[in-house]
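**Student:** One structure follows; several queries about it will come next.
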Number of protein chains: 2
Amino acid sequence: MQFHHHGYVSGDPRVKPAAGVGIDRPSDLPDEIDVLIVGSGPAGMLMAAQLSQYPDVVTRIIERRDGRLVLGQADGIQPRSVETFQAFGFAERIIAEAYNIGYMNFWSPDPADPRNIIRTTRTEDYGYKISEFPHLIVNQARVLDYFAEAAAHGPGRIVPDYGIEFMGLTVHEADSEAAGEYPVEVRLRHTAGERAGEERTVRAKYVAGCDGARSGVREAIGRKHIGGISAHAWGVMDVVVNTDFPDWRTKCAINSEAGNILHIPREGGYLSRMYIDLGEVAQDDNHEVRKTPIETIIAKANAILHPYSIDVREVAWYSVYEVGHRVTDHFDDREAEEDAAPRVFLTGDACHTHSAKAGQGMNVSMQDGWNLAWKLGSVVTGRSPESLLATYSAERQPVAQQLIDFDREWSSLMARKPEEISDPQELANYYLGTAEFPSGFMTRYGPSAIVGDSTHQELASGFPIGKRFKSSQVSLVCDGNVVHLGHHATADGRWRIYAFADAPPPGEASALTEWARWMSSPESPLARHTPAGSDIDAVFDVKVIYQQSHDQVDIMKAPELFRPRTGPLALMDWEKVFAAGPSTWCPTDIFDERGISRDGAVVVVRPDQYVADVLPLAATDELAAFFRQNLVVRQGALVS
Amino acid sequence: MQFHHHGYVSGDPRVKPAAGVGIDRPSDLPDEIDVLIVGSGPAGMLMAAQLSQYPDVVTRIIERRDGRLVLGQADGIQPRSVETFQAFGFAERIIAEAYNIGYMNFWSPDPADPRNIIRTTRTEDYGYKISEFPHLIVNQARVLDYFAEAAAHGPGRIVPDYGIEFMGLTVHEADSEAAGEYPVEVRLRHTAGERAGEERTVRAKYVAGCDGARSGVREAIGRKHIGGISAHAWGVMDVVVNTDFPDWRTKCAINSEAGNILHIPREGGYLSRMYIDLGEVAQDDNHEVRKTPIETIIAKANAILHPYSIDVREVAWYSVYEVGHRVTDHFDDREAEEDAAPRVFLTGDACHTHSAKAGQGMNVSMQDGWNLAWKLGSVVTGRSPESLLATYSAERQPVAQQLIDFDREWSSLMARKPEEISDPQELANYYLGTAEFPSGFMTRYGPSAIVGDSTHQELASGFPIGKRFKSSQVSLVCDGNVVHLGHHATADGRWRIYAFADAPPPGEASALTEWARWMSSPESPLARHTPAGSDIDAVFDVKVIYQQSHDQVDIMKAPELFRPRTGPLALMDWEKVFAAGPSTWCPTDIFDERGISRDGAVVVVRPDQYVADVLPLAATDELAAFFRQNLVVRQGALVS
Ligand SMILES: Cc1cc2nc3c(=O)[nH]c(=O)nc-3n(C[C@H](O)[C@H](O)[C@H](O)COP(=O)(O)OP(=O)(O)OC[C@H]3O[C@@H](n4cnc5c(N)ncnc54)[C@H](O)[C@@H]3O)c2cc1C
Ligand SMILES: Cc1cc2nc3c(=O)[nH]c(=O)nc-3n(C[C@H](O)[C@H](O)[C@H](O)COP(=O)(O)OP(=O)(O)OC[C@H]3O[C@@H](n4cnc5c(N)ncnc54)[C@H](O)[C@@H]3O)c2cc1C
């Protein structure tokens, strides 16, 4: 964590100094808003936290409820989300309070007496095997609390406007007189407080519909949820119990003659969540199943658990739902053939819904929000052309489609009857074999203005272009401490350029030295795209990783590019020079871990941590061309 | 982290439900106070955080300053302190913001040109080698912030009473009419706010003098600081700079012809602290040296650093001091021959001062505070007899003496001239060879009512009786997750009894089963010392560690003793049964790591994490006798 950079900070360094519109943020919704976020679920709250890093953008987040979410909803946190929490500064805290999934066990009818269930398989969970972060379970309300804190502590000082409901919107056509700078006219209504019932219109540059499955924003732009509800219902309950079921604190899939349970232990050591199969729903049920009383659900759970039973001491929350699989064809208001940039976007449940059991809803929604938020921040601040915004739908719609497909397969596997199961190992195998998907690491964006093609992929085979940058450990040269290179990539809206050096150490002639010289020239993306008057690292965070061990690198001989002087005190930044060579504290070498060429490579990473490109050190023209596609030329700052 | 135990908790689980006097805590100081803490430094704030766990105790903490500490003072955090932070719930957060000491480098005059310094040695720091926690540097103000949060979030809801100064006290003799229940009469004065200048008297049962080196409490009880100030002065400055000195971000001892520097990088990536040797002070200096201007200190630093230099961009804080080594002969108001319990105590700098360079001040003060706070909590709540309080001075005074001796040696080594140094390795060797002391792990309390003798030490050689319980990893049986056994021992004021099982698994006859049966009988300490109406784990947290791996332990067959039902919902506690056998997530076996007998052993650990005793499973009489010495017989709860 870097601070004291603008002078000594005595208090909590996580609270950033207010800046821009955060300095004197009006408590009332202004008439003109750059980015209006509708809904404070995981997608909306992440967006608020991200946009708080762009304090020159007037961002507001409205929410129909009159306060924070208190109960229920999602709880599965995939490792990709924990990586995301790290970028927003609260991974270590939420890990400490969450349930960590170490195992998933499988239960089936006892062949000797099929009325009883027995444990057939224990499998190690994939969490720590696929990421440096775990696979957690924690209530959605806490995730939202942490994002709310990140939004409030960011320089934009964003706090949700609770008790305001989205009623409808009109997008005024570009160039029309009514459009102006804020072409989206939004109708709102106060739902709580003194002004309850009052209606109001505001104007926005962009609107993010993060308003969940029944999205009014979706309706307002005429997008359709495609798909339907299957004829299968599930009850879900968060309960504390006394029980003789020994796996109450272990995630399990329970398959019994009486039905199925997906059992998920929750944070805090006592509470668990059970998804209880309520079976096929009759054609003419007309959602009657949703009225199933909790007693029936508990009775069903006890029937499934036989010979074990639960004595429910408190029901914290419960709900009944029918599995739906729906996805919206396009995630913004722009028609495919249109040239104009989109103005209204859909994220999360507003554009894709599915069963809860693969534990994806909250996770995918957050990645939607992140993908969209940095792009809006970049466009509104003038860093990027509006065309960037079309990549949101192009990138996220296929992910949603993939999610629906995965979820359909997983929920039908989960809902099978014992006689349909030939091999009790099968579900376990599927769970582990597909781990990359539920971990959140299967997303791979195709080539676009912000993702390169695979021409030079072999220079860094462990950083697949279009996938998230998988962190690895390196040593910080300045102090010899081991750090995760990826953890320096916080959600500050900047692009990362990692220069993996060729063999010579600093001070000697090398391809890296040549590259650094070019990066310090007026032709470099740094000079072209960093606004004059800004710090040289305002848009790009450029780091170098030498092949030597940290004690073999003389940091003072590293090019000035990697030791920029920034901030009001023009202080040298010590944390851009890394060493790959192993030491006592860092046993691994990132060049080996990630298959990086010993001739060096440049790895470009987007503000949302996805690998944008891999290039040779010599490919300076390609690097410049890549950024010309997605950043506006500012011809500004120069490396001193 | 366990919660939801009294019903569902929606918000931050670190905020405990208010209880006792915390429910409606008066903002004004009451007339009668159980424990009055004077001073909100590290010792006082830790005490407040600990006593907040005893919500039936009226604890107040007064502080002369009108608000939180903002700047300066100590910054070295030894691993033992980080363990302590873990017990108070904020280790992961403070680690994330602190500087981690990975190396300590040593610089000496270049033999080729002694006007220049060169790096002679790099040594790996001991932090992670001696504990699972690191050796950190972070401003004392932040440590105090975190303790303040722990105090405010504990059930007692303790917040410091800022702007109130201690003026003096009188201890009324026991049994005298004036004594009553609150024998200490304390004179106070408001120093800030509307009531500034107003004087007031309150009555206390006990007073903790945590009021620093010039302690008024010490003076009031007539104790003397023994020792003196040496004739050597140091300047200390917290600065952000630009420099060509490559080790600006590494801890170093710099020994140059122009003098010596102890260089300590600080949190945040830019700031460092330098302790600069200002040389011998003339006999008749009369503290003139303390007026040394910052310019002189910076010039001196530059002279020492030659051929490197620093360009100071901001001075966050600086000070000049003469090294003193002083310790008070006794840490409470009781004369050695007296029978009555002490009423007034001294902690931290109030009873021992020394140089800052061994980085001990804050750390030792916190351990003082912890040692005293749980004892006061235990006595005021009636769990323990008053005689317990005499152990405070008996245990901590020798630690302070040891500290002074170590510090004297370390500071004279640090202040040597180059020509006095025969081997440049010597300082490095001393640093590493003595690591146990500055880590905070050398403290070993002698036998007393709360520390057993070494009769059965060989049953758990890795848990030396009288030293702090060195944690090791085990698996939680209920979910297979790896946990640090010691991290369950939070600062909740409870005694821990760890039953390390003999070979048989649960359900089979074993010494462990016999022990558990006895522990559930009316003769056991559990029954004797737990008040009726309390949860069975209110005073003792009893855990079992089986030798098997977690998947070989059927938790439902473990004795009920280890699955108590507690709280308003009478919920079974799942987190008292552990497994030592290695798994994917836990590669080590605590029996091997800590030299525990395969015939089993009982390890008793105090509320401040010190090992109180090691006993065979069969030694039930000895266990009962041990607790009869330090806990009052309540004849209360029984294992159901
Ligand atoms: C009752 C419920 C139970 C769920 N259970 C599970 C589960 O067990 N497991 C699981 O994985 N997932 C579950 N989910 C799904 C999971 O919570 C979602 O996938 C996730 O919350 C989607 O995040 P989001 O930000 O897209 O939308 P949401 O979290 O739905 O947030 C939308 C927000 O928009 C607000 N809003 C809606 N309309 C308006 C309006 N017109 N004006 C202003 N604000 C508006 C809503 O109040 C809400 O706060 C559940 C969802 C719900 C609603
Ligand atoms: C100026 C200064 C610089 C220091 N620099 C270093 C350093 O560089 N490195 C290092 O390791 N250690 C340093 N120390 C020492 C280190 O801070 C102490 O060892 C540590 O703070 C001791 O903790 P404590 O709780 O015993 O006392 P303190 O932290 O001294 O706290 C005592 C508190 O009591 C309050 N107080 C005093 N008298 C009264 C009264 N009559 N009524 C009410 N409140 C009162 C004070 O305001 C203060 O808040 C420094 C201390 C000081 C004062």
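The values are calculated or read from the model by the stated rules, or taken from the named source; none is laboratory data. Bear in mind the structure is a predicted one, so any value in this text is a computation, not a measurement. All Cβ positions, even for glycine, are placed from backbone atoms using ideal geometry, and neighbour counts span all protein chains on display. Protein only, heavy atoms only, side chains kept; ligands, DNA and RNA dropped before computing areas. Shrake-Rupley method; radii C 1.70, N 1.55, O 1.52, S 1.80 Å.
**Student:** Run the simple label-point estimate for A:E560 and B:T296 please: 7 Å along Cα→C-beta, distance reported in nm.
**Tutor:** With each label point 7 Å from Cα toward Cβ, the separation is 3.7 nm.
**Student:** Enumerate the residues in region B:241-278 having an amide nitrogen under 16 Å from the point lying 7 Å beyond the Cα of A:D551 toward its Cβ.
**Tutor:** B:247, B:250-253
**Student:** Could you tell me the extents of region A:498-640's C-alpha atoms along the three principal axes, largest first, rounded to whole Å?
**Tutor:** 43, 33, 30
**Student:** Provide, in order from the shortest bin, the percent of all Cα-Cα pairs of region A:244-352 in each 10 Å bin, continuing until the bin that contains the maximum pair distance.
**Tutor:** Binned Cα distances yield the sequence 11, 33, 24, 16, 11, 4, 0.
**Student:** Under 14 Å from a label point 7 Å along Cα→Cβ of B:D329: give me every residue in region B:218-234 with its amide N that close.
**Tutor:** Label zone hits: B:222-227.
**Student:** Among the trypsin sites (Lys or Arg not before Pro) in region A:223-273, which ones are in a DSSP loop with at most 12 other Cβ atoms within 10 Å of the Cβ? Mind listing them?
**Tutor:** Values: sites: A:R223, A:K224, A:R249, A:K251, A:R266, A:R273; in loops: A:R223, A:K224, A:R249, A:R266.
Of the trypsin sites (Lys or Arg not before Pro), the ones in loops of region A:223-273 whose Cβ has at most 12 other Cβ atoms within 10 Å are A:K224.
**Student:** Separate question: Kindly report, to the nearest 10 Å², the accessible surface of A:E458 as traced by a 1.4 Å probe over protein heavy atoms only.
**Tutor:** Result for A:E458: roughly 120 Å² accessible.
**Student:** Still on this structure: Mind checking the log10 I(q)/I(0) for chain A at q = 0.11 Å⁻¹? Debye, one equal scatterer per Cα, no solvent, two decimals.
**Tutor:** Evaluating at q = 0.11 Å⁻¹ gives log10 I(q)/I(0) of -1.12.
**Student:** Here's another thing I want to ask about it. Per-residue accessible area for A:F437 at 1.4 Å probe radius, Å² rounded to 10?
**Tutor:** The accessible area comes out at roughly 20 Å².
**Student:** How much of the DSSP bridge set in chain B is antiparallel, in percent, rounded to the nearest 5? Mind dumping the intermediate values first?
**Tutor:** Values: 81 of 111 bridges.
Taking every DSSP beta bridge within chain B, about 75 percent pair in antiparallel fashion.
**Student:** Using r as the Cβ-Cβ distance of B:E523 and B:S412, and R0 as 51 Å, what FRET efficiency do you calculate, to the nearest 0.05?
**Tutor:** Working: r = 56 Å, r/R0 = 1.10.
It comes out at approximately 0.35.
**Student:** Of all DSSP beta bridges in the protein assembly as shown, what percent run antiparallel (nearest 5)? List each step's numbers first, then the result.
**Tutor:** On the way: 162 of 223 bridges.
In the protein assembly as shown, approximately 75 percent of DSSP beta bridges are antiparallel ones.
**Student:** Hey, another quick one. Pick out, in residue order, every one of the GluC sites (Glu not before Pro) in region A:531-628 that is DSSP loop and has at most 15 other C-beta atoms within 10 Å; say none if there are none.
**Tutor:** Details: sites: A:E560, A:E575, A:E593, A:E622; in loops: A:E575.
Answer in residue order: no site qualifies.
**Student:** Provide the FRET efficiency to the nearest 0.05 for the A:L29-A:V315 pair, computing r from the beta carbons and using R0 = 41 Å. Please list the in-between numbers first.
**Tutor:** Working: r = 37 Å, r/R0 = 0.91.
According to the calculation, E is roughly 0.65.
**Student:** Compute the signed sum of charges (Lys and Arg +1, Asp and Glu -1) over the other residues within less than 11 Å, Cβ to Cβ, of A:F245. Could the numbers behind the result be given before it?
**Tutor:** Working: positive: A:R119, A:R249; negative: A:D244, A:D247, A:D311.
Here the count lands on -1.
**Student:** Right, here's the next one. Which aspartates and glutamates, if any, have their Cα less than 12 Å from the Cα of A:K291, not counting same-chain residues under 8 positions apart?
**Tutor:** A:E322
**Student:** Can you check how the C-alpha radius of gyration of the protein assembly as shown compares to 2.2 N^0.38 Å, as a plain ratio?
**Tutor:** Values: Rg = 32.1 Å, N = 1280, 2.2 N^0.38 = 33.4 Å.
Working it through for the protein assembly as shown, the quotient is 0.96.
**Student:** Please give me, ordered by residue number, the GluC sites (Glu not before Pro) of region A:248-339 that lie in loop per DSSP and have at most 10 other Cβ atoms within 10 Å.
**Tutor:** Numbers: sites: A:E257, A:E267, A:E280, A:E288, A:E295, A:E314, A:E322, A:E335, A:E337, A:E338; in loops: A:E257, A:E267, A:E335, A:E337, A:E338.
Counting only loop positions with at most 10 other Cβ atoms within 10 Å, the GluC sites (Glu not before Pro) in region A:248-339 are A:E335, A:E337.
**Student:** Also, I was wondering about something else. Just to verify a number: what accessible area does A:S412 come out at with the full protein assembly present, 1.4 Å probe, Å² rounded to tens?
**Tutor:** Looks like 70 Å² after rounding.
**Student:** Next question, about the same structure. Pairs A:K467/B:K470; B:K16/B:K375; A:K543/B:K251; A:K251/A:K375; B:K205/B:K576: which exceed 30 Å Cα-Cα? Intermediate results must be reported in sequence, preceding the final value.
**Tutor:** Numbers: A:K467/B:K470 42 Å; B:K16/B:K375 22 Å; A:K543/B:K251 23 Å; A:K251/A:K375 37 Å; B:K205/B:K576 36 Å.
Cα-Cα > 30 Å for A:K467/B:K470; A:K251/A:K375; B:K205/B:K576; rest within.
**Student:** With a point put 7 Å past each Cα toward its Cβ, work out how far B:H6 is from A:E426 in nm, to one decimal.
**Tutor:** Reported label-point gap for B:H6 and A:E426 is 4.9 nm.
**Student:** For the pair B:A618/A:R628, report the inter-label distance in nm, with labels modelled 7 Å from Cα in the Cβ direction.
**Tutor:** The modelled label-to-label distance comes out at 8.7 nm.
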